[in-house]
Amino acid sequence: MGKNASPKPDNTPQTSSEAPFTTFIQLDGKSPVPSQFRTPGTFTITRLQSPAGLPDRITKLSPVPALLVSISLKSLPSSSYQVWTADKLIPTAIVHPFRSNVIDFDSQPRCWAGTAFDYVHYSVPRQGLDDIAEDLGFGRVNDYRLAVLEDDLVVAQITKSTLPFLGRSDRLSVLALDQFSLILGAHLIQRYGLLQKTARRSKGGLAPWQKRRASELLHENMHGRIRLSEVARECGLSASHFARSFKTSFGISTHQWLIQHRIEHAKELITQTTMSLIEIAVQSGFNDQAAFTRRFHEIVGVSPGRWRRHYMTMQFPNSRAS
């Protein structure tokens, strides 16, 4: 993995330069660490890991107004951890696993960790937060409260959900990342936003034509490279409104719907063709056979190879599947 502090996206084809991405940076304790850590102007998830800590503090910068959400995956002693905002040192204690910081990039946050650490950082643009807040009926959120070492169970659970995919071959698609950005954004607004209004959330689902159009687009983009905003636009809705209405109509998120659809498509190929499992994996929108096998087992309960053998035995009792 990369050994510097300039995040680089995974090499997944993206639909635009503003598409979200994830990256996993593993410092080796020898490479020089720049004094500034610049994030891109889009939603990103960065896992930053070091076996030796930092020689000096790092300033974190964003090219657009955004919030920095940081969550530690391991403990740090209070003597080896410091945070500054607007050049002011923030009092801190022992860093327990899965404690969160929420800091506005405008305050030019700086941090220092003098021992081994493992962090996940979310860069959340304010424009996206404003869109979510508007859709929820809060209006524009002018400010967010500072939080350091907060015991935030929602951020912890979101991180635990994304962690297995950071640095793995079956990394999260842009559609899944769009979904995560909406979930995280809505939570940040309601827990940390200084709100002027009460939410007026719509509980309605998609109209029949919107359900058809959304299903068509997701089916045509089985690899998940389409943005949530593109599907929402085709349905005449904002991304936030569409995501909530989709879940009301289908009972699951767009990403979950897509995964289930991939597995159903794979089942059809398994039963109706003699394609190899690696060919079926690619045709069904998975990056490789290992990722396909994991997902198939999670949903179906057995591996695709075993499922194929069982099907062949049921259909042709006197033959054996290859």
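So if each residue of separation counts as 0.36 nm, and I subtract the Cα-Cα distance between SER75 and ASP28, what length gain in nm does that give?
15.0 nm is the gain from fully extending SER75 to ASP28.
Rg(Cα) of the stretch 45-168 divided by 2.2 N^0.38 Å?
On the way: Rg = 14.7 Å, N = 124, 2.2 N^0.38 = 13.7 Å.
Its radius of gyration relative to the 2.2 N^0.38 Å reference: 1.07.
For the chain, find the longest principal axis of its Cα atoms and tell me its angle to the long axis of helix 153-162, 0 to 90°, nearest 10.
Helix 153-162 and the main axis of the chain meet at about 50 degrees.
Stretch GLU264-HIS310 to full length: gain in nm at 0.36 nm per residue minus the Cα-Cα span?
Value of the extension gain: 14.9 nm.
Please work out whether the stretch 177-288 counts as rounded, prolate or oblate from its C-alpha gyration tensor, where a ≥ b ≥ c are the square roots of the eigenvalues and a/c under 1.5 means rounded, while otherwise a/b larger than b/c means prolate and anything else oblate?
prolate
Quick check on the stretch 116-220: take the gyration tensor over C-alpha atoms, sort the square-rooted eigenvalues as a ≥ b ≥ c, and tell me if it's rounded (a/c under 1.5), prolate or oblate.
Judged from the Cα gyration tensor, the stretch 116-220 comes out oblate (a/c at least 1.5, b/c at or above a/b).
Considering amide H positions built from the backbone, and no H for Pro or chain starts, which residues 5 or more places from PHE117, or on another chain, come under 5 Å of its amide H?
Amide H neighbours of PHE117: SER50, ALA52, GLY53.
Probe radius 1.4 Å, ligands and nucleic acids left out: which of LYS247, LYS60 has the largest accessible area, and how do the rest follow?
These residues rank, largest area first, as LYS247, LYS60.
Provide the gained length on full extension for the span ARG140 to GLN157, in nm with one decimal, where the gain is 0.36 nm per separating residue minus the Cα-Cα distance.
3.5 nm
If DNA, RNA and ligands are ignored and the probe is 1.4 Å, what is the ranking of PHE246, PHE21 by accessible area, most exposed first?
Ranking PHE246, PHE21 by accessible area, largest first, yields PHE21, PHE246.
How big is the accessible area of TRP307 in square angstrom, nearest 10, if you roll a 1.4 angstrom probe over the protein chains?
Ignoring ligands and nucleic acids, TRP307 comes out at about 60 Å².
Just for the chain, what percent of DSSP beta bridges are antiparallel, to the closest 5?
Values: 32 of 42 bridges.
DSSP beta bridges in the chain are roughly 75 percent antiparallel.
Using a/c under 1.5 as the rounded threshold, could you call the stretch 78-142 rounded, prolate or oblate? The axes a ≥ b ≥ c are square roots of the C-alpha gyration tensor eigenvalues, and prolate needs a/b larger than b/c, oblate otherwise. Can you show the working numbers first?
On the way: a/c = 2.88, a/b = 2.10, b/c = 1.37.
Prolate is the answer for the stretch 78-142, as a/c is 1.5 or above and a/b outweighs b/c.
Run lengths n ≥ 4 of DSSP H only: what is the helix-derived mean residue ellipticity at 222 nm for the chain, with -39500 (n - 2.57) per run over all residues, to the nearest 500?
That calculation yields -12000 deg cm²/dmol at 222 nm.
Do you know the relative contact order of the chain, to the nearest whole percent, from alpha carbon pairs under 8 angstrom that are 6+ apart?
So the answer I get is 14 percent.
Order the following by accessible area, largest value first: ARG295, ARG99. Probe radius 1.4 Å; ligands, DNA and RNA are ignored.
Result, largest first: ARG99, ARG295.
May I ask you to give the percent of accessible area on the chain that is carbon plus sulfur, with a probe radius of 1.4 Å?
Ligands and nucleic acids excluded, carbon and sulfur give 50 percent.
With r as the distance between the Cβ atoms of TRP112 and SER238 and R0 = 35 Å, compute the FRET efficiency 1/(1 + (r/R0)^6) and round to 0.05.
0.35
What is the sum of charges around ALA52, taking Lys and Arg as +1, Asp and Glu as -1, for the other residues whose C-beta is under 11 Å from the C-beta of ALA52?
0
The values are calculated or read from the model by the stated rules, or taken from the named source; none is laboratory data. Remember, predicted model here, so these are calculated numbers, not experimental data. Note that we place each Cβ from the backbone using ideal geometry, even for glycine, and neighbour counts take in every protein chain shown. The protein model used for the area step is the full one, side chains on, heavy atoms only, and it has no ligands, DNA or RNA in it. Shrake-Rupley method; radii C 1.70, N 1.55, O 1.52, S 1.80 Å.
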